[in-house]
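Chemist: Here you go, one structure.
Every number in this text was worked out from the coordinates using simple rules, so none of it is lab data. This is a predicted model, so every value here is computed, not measured. Methodologically, a virtual Cβ is constructed for each residue, glycine included, from the backbone with ideal geometry; neighbour enumeration extends over all protein chains shown.
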Amino acid sequence: MRFEENVALARLTTIGTGGPARAFAQPQTLAELERALHRAAELGLGVATVGLGSNLLAGDEGVDRLVLHLGGELAEARVEGELLVAGGGATNAVCLHRARAAGLGGFEFACAIPGTAGGGVWMNAGAYGSDWGTILARALVVTTDGTGWLTPGELGLGYRRSRLQHGQVVARVEYRLQPRPPGEIRAEVAKLVALRKATQPTNRRTFGSVFKNPEGAVGAGRMLELCGLKGHRIGGAMVSPVHANFIENADCATTADCLALMAEARRRAHEAYGVELEHEVVFLGEIELPLL
Ligand SMILES: Cc1cc2nc3c(=O)[nH]c(=O)nc-3n(C[C@H](O)[C@H](O)[C@H](O)COP(=O)(O)OP(=O)(O)OC[C@H]3O[C@@H](n4cnc5c(N)ncnc54)[C@H](O)[C@@H]3O)c2cc1C
């Protein structure tokens, strides 16, 4: 497997920003993944895995790491009894399709989460009262030191977080699902997708929720809306006019534009509510938000 150079993260993220990765590889099998990690270690290169890049903001200057994108058998999914066994790079859309075809329910909540199995574990992604922690039986995690299965407890899944670190690659997951008629699954998914379309920007380049919901009654989106941020624009980045906890790439945005908008949003929320909003989107590369 070749390490490519000059692959732009903008091609790998849903927001469409980010400079080049120092090196890039797409392992197709577990053996290839293990070889890539060992080669990176020999070269003294840190590693980061990108799924669909749907919760990622990568530095405009690039990322000084080997960036991995799982393909081949590491992106496939199949049903075994009541387990859905998915490669770390399998998309949620493929997993939902396999589960529905086999008459297995429980994954419907993920129908509007445009990520992969591995990204879902890292983020403990969730919606409508369920998350990865609800359905995950275990995940196969590969590092240069070895390969092993971890339980949700060992992964430290909490609200939009896990204990995973870059260099730990989720190569496979097992979801425990329950029998449910495909017609019911289809109806539930249609209902959730319609709800999503009514409340969030679904046909724009975004990275999903910008900030985690703070403790208390007012969610981040409502708080930022009340701060007058809907439609606010810096450079090519704009706070969604539909939902204020989303940033859209409105016109050739850069990561710097997105960060400037996030800094302004945090400043206003802090001023109005005394709250320090914590970003949900993962930063990759040398980027950070200014202190409040
Ligand atoms: C329109 C839209 C709607 C969204 N709605 C929701 C929602 O309702 N709920 C929600 O929780 N999220 C939502 N998101 C955010 C995002 O889709 C989820 O967080 C998703 O799980 C991220 O998966 P990914 O594969 O895209 O991960 P990426 O964005 O590629 O990466 C996220 C993190 O996971 C790590 N990672 C990715 N793959 C692996 C792997 N195989 N092994 C180890 N680490 C890995 C990355 O290094 C990074 O740290 C939304 C995003 C968009 C654009």
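Chemist: What distance in nm separates the simple spin-label points at Glu42 and Gln165, each placed 7 Å from Cα in the Cβ direction?
Modeler: Between Glu42 and Gln165, the simple spin-label model gives 2.4 nm.
Chemist: Moving to a separate point now. Taking R0 as 51 Å, what FRET efficiency do you get between Glu264 and Ala190 from their Cβ-Cβ distance, rounded to the nearest 0.05? Kindly include the intermediate steps, with their values, before the conclusion.
Modeler: On the way: r = 37 Å, r/R0 = 0.73.
Efficiency for this residue pair is about 0.85.
Chemist: For the chain, with only Lys/Arg (+1) and Asp/Glu (-1) charged at the beta-carbon, what is the dipole magnitude about the Cα centre, in debye rounded to 20?
Modeler: Values: 29 positive and 31 negative charges, 158 e Å.
So the dipole magnitude of the chain works out to roughly 760 debye.
Chemist: Which FRET efficiency, nearest 0.05, do Glu5 and Thr29 yield, Cβ-Cβ r, R0 25 Å? Can you show the working numbers first?
Modeler: Working: r = 23 Å, r/R0 = 0.91.
FRET efficiency, Glu5 to Thr29: 0.65.
Chemist: With label points built 7 Å along Cα→Cβ from the Cα atoms of Thr134 and Asp64, find their separation and express it in nm.
Modeler: Calculated label separation equals 4.2 nm.
Chemist: Rank Asn203, Val50, Leu68 by how far each Cα sits towards the positive end of the charge dipole of the chain (+1 on Lys, Arg Cβ; -1 on Asp, Glu Cβ) and give me just the farthest.
Modeler: About the Cα centre, the residue reaching furthest to the positive side is Asn203.
Chemist: Is the shape of the chain rounded, prolate or oblate, going by the alpha carbon gyration tensor and its root eigenvalues a ≥ b ≥ c, with a/c under 1.5 for rounded and a/b larger than b/c for prolate? Provide the component values of the computation, followed by the final result.
Modeler: Values: a/c = 1.83, a/b = 1.16, b/c = 1.59.
Here the chain falls in the oblate category.
Chemist: A further question on this structure: Quick one: go through region 270-292 and flag any residue whose amide nitrogen is under 11 Å from the point 7 Å out along the Cα-to-Cβ line of Val218.
Modeler: 270-275
Chemist: I would also like to ask the following. Apply the a/c threshold of 1.5 to the C-alpha gyration tensor of region 168-234 and tell me whether it is rounded, prolate or oblate.
Modeler: Values: a/c = 2.17, a/b = 1.63, b/c = 1.33.
In terms of gyration-tensor shape, prolate.
Chemist: On to the next question. Between region 93-110 and region 1-70, what is the C-alpha centre distance in whole Å?
Modeler: 28 Å
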